[in-house]
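Asker: Quick one: this structure, given as structure tokens, is what I'll be asking you about.
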Amino acid sequence: MSTSTDGAAETRQAKVAGSLIRFRTAAYVTGVGLLALCVTMIIRYGFGNATPAQVYSPIHGVLYMIYLVLAIDLAIKTRWSIKSTVLVLLAGCVPFVSFVVERRVTHRVQASRDIF
């Protein structure tokens, strides 16, 4: 016989799983987008061609905003501390770090452990 708390726990797990998938996708897209932004900055300042940066910079900004929203959504659903949330949000600002943090977050969330 199941109780109402069992159903609530299963619903919460399903919500966390959906949020985790969305966060993982956003983390990968943000990581690749940040690397592409680095390439456009090299083209802009190294070769004097500002056009790629003018086109791509706003796109990168939107991708990062989506990453922030999805990371906060996951943080709320998994009840991260403020410190953990801020560190995950900042991970999208440094090339390659979003990939590392995404793996850590995935393993910790699936194990129902704190991030940091």
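Asker: Would you check if G33 is touching a residue at least 40 places away in the same chain (Cβ under 8 Å), surrounded by 13 or more Cβ atoms within 10 Å (Cβ to Cβ) and in contact with a Phe, Trp or Tyr (Cβ under 8 Å, 6 or more places away or on another chain)?
Answerer: Judged against the criteria, G33 is not a match.
Asker: For V39, state whether it is touching a Pro at 6+ places or on another chain (Cβ under 9 Å), modelled with pLDDT of 95 or more and within 18 Å of V94 (Cα to Cα).
Answerer: Considered against the rule, which asks whether it is touching a Pro at 6+ places or on another chain (Cβ under 9 Å), modelled with pLDDT of 95 or more and within 18 Å of V94 (Cα to Cα), V39 comes out as yes.
Asker: Would a scan of region 39-46 turn up a residue that is of a type in the set (K, R), without any contact (Cβ under 8 Å) to a residue 12 or more places away in the chain and on the phi < 0 side of the Ramachandran plot?
Answerer: Yes: region 39-46 contains one or more residues that are of a type in the set (K, R), without any contact (Cβ under 8 Å) to a residue 12 or more places away in the chain and on the phi < 0 side of the Ramachandran plot.
Asker: Considering only region 32-91, state which residues are assigned to a helix (DSSP H, G or I), within 24 Å of F116 (Cα to Cα) and either touching a strand residue (DSSP E or B) at 6+ places or on another chain (Cβ under 7 Å) or charged (D, E, K, R) (or both).
Answerer: D73, K77, K83
Asker: Using beta carbons and a limit of 6 Å, which pairs, at least six apart or on different chains, have the first residue in region 73-85 and in contact (Cβ under 8 Å) with a residue 60 or more places away in the chain and within 14 Å of Q110 (Cα to Cα) and the second one buried (at least 16 other Cβ atoms within 10 Å of the Cβ) and of a type in the set (S, T, Y)?
Answerer: Correct list of pairs: K77/S19.
Asker: Something else: Could you grab the pairs with beta carbons closer than 9 Å, sequence gap of 6+ or different chains, first residue in region 9-25 and in contact (Cβ under 8 Å) with a residue 12 or more places away in the chain, second one in a helix (DSSP H, G or I) and of a type in the set (F, W, Y)?
Answerer: Here the result reads F23/Y67, each pair linking region 9-25 to a residue that is in a helix (DSSP H, G or I) and of a type in the set (F, W, Y).
The values are calculated or read from the model by the stated rules, or taken from the named source; none is laboratory data. Just so we're clear, the structure is a prediction, and the values are computed from it rather than from any experiment. Don't worry about glycine lacking a Cβ; one is built from the backbone with ideal geometry, like all the others, and counts go over all protein chains shown.
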